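The structure under discussion appears below in the form of structure tokens.
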Amino acid sequence: MGPHPAVAAIRLAVRRVLHDVLTDVQRSSETDPPPPAHAPHGHAAHGDAPHGQAPRPLVLVACSGGADSMALASALAFEAPKLGVRAGGVTVDHGLQPGSDLRAAEVVARLTALGLTPVESVAVEVGRAGGPEAAARDARYAALDAAAERHSAAAVLLGHTRDDQAETVLLGLARGSGIRSLSGMAATSGAAGRYRRPFLHIDRQTARKACMVQSLPVWDDPHNADPAYTRSRLRHEGLPALEKALGKGVVEALARTAQLSRDDADALDAWAAQAEASVRDAAGLLECAKLFALPPAVRRRIVRRAAIEAGAPAGSLFARHIEEVDRLITGWRGQGAINLPGKVVAQRQGGRLVIRQG
């Protein structure tokens, strides 16, 4: 008798991602130089590989102790050895609740009991920039990046589910930030594709069921039910209201929208990258007449990229900023300079769009 369907589903999702990671590692090894021949005999740089053989890649799981990430950790622990992959884990202690260090220690113990190694807890300081949710996310990813570098990990697995994807799409829709914000979370992201999200096509209930049938203890973060947080309100009030009004299937439809939006956004980004050289003059300045001739979606991408290159923080650059700059091209009435985040200024001079530090 095989495993419970929920367990089978999460294991299959993880197996597919591990195959992808191994393929990427193999491609990288074919282009990278071989390790130095003077390495001490009998000792491998990473992964206890026999002398002369490539080390086994390490994949880490980011685990909060919640149902999604515990299900992911258990699937990784089961699948990795069968594929010759080392599996470890990292839990991040945000320090936002009393006893968070003890909670992190419990997660380390659970991951170790699953057979993962190395396993560590990383404490972070959460700032205030961008609000509590964004600040916690920034601190968490910085810690995960550092852990991946420290352990030379080939990938870090994240437990975001289809439900998380649906919430992300709705949050992007509320911001009105364009099609890229509707594309949700990518299955692969980060430097060199470091972050992998195997569960984007699996619902939250499947992950919770997988934990239950395997008797895996899980921790329900009280922040996830705190109405002070936007995502929490959306999860417990917004999405249920949408499903009541529109019927079941809203989550699946939103996740599908994310993928379709991502495909469209990627195509438009590629178009903008190709078109950019053709709208610059010999001095590298953007020519307004040539920009005007481009489709708005392509033109605004070029403008956004130019603003970011000039020093505007991408996270603070919203659609309304780009629309204001776009009017310098499409609705020129002699208006003055546009102030952008990061002390960047955009203005029209002699038929050129000049974007620079003010």
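Just so you know, all these numbers are worked out from the coordinates, no wet-lab data involved. Model, not experiment: these values are computed from the prediction. Cβ: placed from backbone, ideal geometry, glycine included. Neighbour counts: every protein chain shown.
For the ranges 152-160, 79-87, 315-323, what's the packing order if you count other beta-carbon atoms within 10 Å of each residue, average per peptide, and put the highest first?
So the peptides 152-160, 79-87, 315-323, ranked by packing, come out 152-160, 79-87, 315-323.
Under 5 Å between amide hydrogens, which residues at least 5 positions from residue 66 or on another chain qualify, with H placed 1.01 Å from N in the peptide plane?
The answer is 219.
Taking amide hydrogens as modeled 1.01 Å from N in the peptide plane, which residues meet the under 5 Å criterion relative to residue 155, leaving out close sequence neighbours?
60
Out of all DSSP beta bridges in the chain, what portion is antiparallel? Express it as a percent rounded to 5.
Values: 14 of 29 bridges.
If we restrict to bridges inside the chain, about 50 percent are antiparallel.
Quick one: putting +1 on the C-beta of Lys and Arg, -1 on the C-beta of Asp and Glu, what dipole do you get for the chain around its Cα centre, in Debye to the nearest 20?
So the dipole magnitude of the chain works out to roughly 820 debye.
Given H placed on each backbone N at 1.01 Å, which residues far from residue 344 in sequence or on other chains put an amide H within less than 5 Å of it?
Amide H neighbours of residue 344, under 5 Å, 5+ apart: 358.
Can you show me the helix-derived [θ] at 222 nm for the chain, built from DSSP H runs with n ≥ 4 at -39,500 (n - 2.57) apiece and divided by the number of residues, rounded to the nearest 500. Please list the in-between numbers first.
On the way: 13 runs with 172 residues, N = 358.
Result for the chain: -15500 deg cm²/dmol, rounded to the nearest 500.
Please identify, among 71, 147, 225, the residue showing maximal mean-square fluctuation in a Gaussian network model of the chain using a 10 angstrom Cα cutoff.
Residue with maximal mean-square fluctuation among 71, 147, 225: 225.
Less than 14 Å Cβ to Cβ from residue 123, Lys/Arg counted +1 and Asp/Glu -1: what total charge do the surrounding residues give?
Details: positive: 103, 140; negative: 93, 101, 120, 125.
That sum, taken over residues with Cβ under 14 Å, equals -2.
Check cross-link reach from residue 290 to the aspartates and glutamates: straight Cα distance under 16 Å, and skip same-chain residues fewer than eight apart.
276, 281, 326
Where is the GNM fluctuation largest for the chain (alpha-carbon springs, 10 angstrom cutoff): 164, 221, 93?
Of 164, 221, 93, the most mobile in the Gaussian network model is 221.
Report the net charge of residues surrounding residue 266, where surrounding means a beta-carbon distance below 12 angstrom and charges are Lys +1, Arg +1, Asp -1, Glu -1.
Values: positive: 180, 262, 301; negative: 263, 264, 269.
Local net charge: 0.
Going by Cα centres, the range 226-283 and the range 73-133 are how many Å apart?
So the two Cα centres are separated by 28 Å.
Report the calculated FRET efficiency for residue 105 and residue 335 (r = Cβ-Cβ distance, R0 = 56 Å), to the nearest 0.05. Kindly include the intermediate steps, with their values, before the conclusion.
Details: r = 58 Å, r/R0 = 1.04.
It comes out at approximately 0.45.
Mind ranking 235-246, 118-129 by how tightly packed they are, going by the mean number of other C-beta atoms within 10 angstrom, highest first? Could the numbers behind the result be given before it?
Working: 235-246: 13.4, 118-129: 15.1.
Result, highest mean first: 118-129, 235-246.
Please check: in the Gaussian network model of the chain (C-alpha springs, under 10 Å), which one of 332, 219, 271 has the largest mean-square fluctuation.
Of 332, 219, 271, the Gaussian network model singles out 332 as fluctuating most.
On full extension of the chain, what length is gained from residue 16 through residue 252, given 0.36 nm per residue of separation minus the C-alpha to C-alpha distance?
Values: separation 236, 0.36 × 236 = 84.96 nm, distance 2.08 nm.
Roughly 82.9 nm would be gained on extension.
Which lysines does residue 209 reach when only Cα atoms under 28 Å apart count, and residues fewer than 8 places away in its own chain are ignored?
Hits, sequence-local ones excluded: 82, 244, 248.
For the chain, take the longest principal axis of its alpha carbons; what is the angle in degrees between that and the long axis of helix 162-175, to the nearest 10 within 0 to 90?
For helix 162-175, the angle is close to 20 degrees.
Starting from the Cα coordinates of the range 280-357, work out the convex hull volume and express it per residue in Å³. Before the final figure, lay out the partial values.
Details: hull volume 6.4 nm³, N = 78.
With only Cα atoms used, the range 280-357 gives 82 Å³ per residue.
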